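The values are calculated or read from the model by the stated rules, or taken from the named source; none is laboratory data. None of the values given here were measured: they were computed from a predicted structure. Neighbour counts are summed over all protein chains in view; Cβ atoms, including those assigned to glycine, are modelled from backbone coordinates with ideal geometry. With ligands, DNA and RNA removed, areas are computed over all heavy atoms of the protein, side chains included. Shrake-Rupley method; radii C 1.70, N 1.55, O 1.52, S 1.80 Å.
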Amino acid sequence: MTEAEPAATERRISIGDLAERVETILRRHGLNAVQAGALARTMVAGERDHCKSHGIYRIEGALRTVAAGKVRPDAVPDLAEDGGAIVRVDARGGFANPAFELGAPALARAARRYGLAALVINDCTHFAALWPEVEVLAGEGLAALALCPSYATVAPAGGTRPLLGTNPLAFGWPRREGHPYVFDFATSVAARGEVELRRRAGKDLPDGWAIDRNGEPTRDPEAALAGAMLPFGGHKGSAIATMIELLAGVMIGDLTSPEVLDKLGTTTLAPMHGELILAFSPEHFAKGRPGDPLARAEMLFEAIVGQGARLPSQRRFAARAVSERDGIALSEAEFTLLDRLASQ
Ligand code: NDP
Ligand code: PYC
């Protein structure tokens, strides 16, 4: 099967039609236009780029979180811009996505002015991938880093119990031609959403992803969800995940992953915490130094690809091109899910 040819059990839907269907579902379940629009754009971008762990499968989790009263469906985020290098958005108990959409232009302005600026998002619920955010900033000619905690589901390297979050880290670098250089990953071996998707599909996990309640290695997704996931790269991923707790939790005066789990009491709802996004102007940093930073970056990318390696996000951009041309492929089960949610 090629990307362009959906399996017999799949049908394609245009990006616009899927966005409309998802937004309608979210509105029907009580989200205001600001929340529903931003969530629909993020989930549909996940489907469009074939990032299934943060696509429409997240609709039910978001709605469960709303129904449990843990996120405000009517929140309108609030931007505080004082002309300095730190831009703040209070998500007011809503989702992170509309808060980012509100803060991103102010962050880009501040980064262009100072060379380096930060967007601090507080009091948000976060279920999403971070690449859409760094991609927006790279599209503005800025390098960007986005990071946030999650809830305690990952054991520190050498530990046996959940403490750290799956704490994603995304980076974007602008390119004059084509798509930016972007990577985005959990600091656990895989995102928790991947484990959940394997549980639903009745598939075992690869070795090295998780330990069970007794701290023993397991390939059983149920046992992994009840136990703990493992950080990627052993002590290195563990330290990076801890750094994210410090910078995007403690430093911005928001919750760390263990605090999120204490407050929420479950991992079946989307976690509430803060997020930190840093934006850098390569031109500012390279001022007075030899060479054009964007041109020099291209030489590095060419050398990577020249060895037969691929750039991160290349798979995603290829999937996007297919979705833009032919529509997004969804399974019949996914269409049934959308129909069910639209009529509930
Ligand atoms: P993956 O391991 O699937 O992918 C990580 C990154 O590595 C992607 O940018 C991917 O690009 C790139 N990549 C993969 N294989 C290669 C390769 N062979 N060569 C070069 N680059 C490669 O990510 P995770 O499962 O760790 O995370 C998935 C998503 O989950 C992320 O978007 C993350 O933000 C999200 N997440 C969100 C959380 C939250 O709390 N909100 C928590 C944890 C994760 P490509 O896509 O092109 O394959
Ligand atoms: O996939 O690990 C994950 C995740 C946690 C919160 C949102 N996504």
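Quick rundown of the values:
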{"item": "Derived scalar couplings ³J(HN,Hα) [the range 70-82; Karplus, 6.51 cos²θ - 1.76 cosθ + 1.60; whole Hz; x for Gly, Pro]", "result": "9, 9, 8, x, 9, 5, 10, x, 10, 9, 10, 10, 10"}
{"item": "Karplus-derived HN-Hα couplings along the range 195-204 (A = 6.51, B = -1.76, C = 1.60, θ = phi - 60°), whole Hz, x at Gly and Pro", "result": "5, 5, 5, 5, 4, 5, 8, x, 9, 6"}
{"item": "Net charge, residue 32 excluded, C-beta distance under 10 Å - Lys, Arg +1, Asp, Glu -1", "result": "+1"}
{"item": "Accessible area in the full protein assembly, largest first, 1.4 Å probe, for 51, 148", "result": "51, 148"}
{"item": "Positive-end residue, the chain charge dipole about Cα centroid, Cβ charges, pick of 69, 40, 117", "result": "117"}
{"item": "In Å², nearest 10: area of residue 272 left accessible to a 1.4 Å probe", "result": "30"}
{"item": "Highest-MSF residue in the chain out of 288, 46, 115 [GNM, Cα springs under 10 Å]", "result": "288"}
{"item": "Net charge, residue 187 excluded, C-beta distance under 14 Å - Lys, Arg +1, Asp, Glu -1", "result": "-1"}
{"item": "Surface share of carbon and sulfur [accessible, 1.4 angstrom probe, percent] for the range 216-292", "result": "62"}
{"item": "For the range 72-119: relative contact order, % (alpha-carbon pairs under 8 angstrom, 6 or more apart)", "result": "37"}
{"item": "Rounded accessible area of residue 287 (nearest 10 Å², 1.4 Å probe)", "result": "140"}
{"item": "Tensor-based shape of the chain (alpha-carbon gyration tensor, a/c under 1.5 rounded, otherwise prolate or oblate)", "result": "rounded"}
{"item": "Net charge contributed by nearby residues that have their C-beta within less than 12 Å of residue 15 (K/R +1, D/E -1)", "result": "0"}
{"item": "Percent RCO, i.e. relative contact order, over the chain, from Cα pairs under 8 Å lying at least 6 residues apart", "result": "21"}
{"item": "Mean separation of Cα contacts under 8 Å, 6 or more apart, over the residue count of the range 1-158: relative contact order %", "result": "17"}
{"item": "Solvent-accessible surface (1.4 angstrom probe) belonging to residue 74, in square angstrom, nearest 10", "result": "80"}
{"item": "Integer Hz, Karplus 6.51/-1.76/1.60 couplings in order for the range 232-248, x for Gly and Pro", "result": "6, x, x, 5, 6, x, 4, 5, 5, 4, 5, 4, 5, 4, 6, 6, 9"}
{"item": "Set of aspartates and glutamates with alpha-carbon distance to residue 263 below 20 Å, sequence-local pairs under 8 removed", "result": "90, 123, 245, 254, 275"}
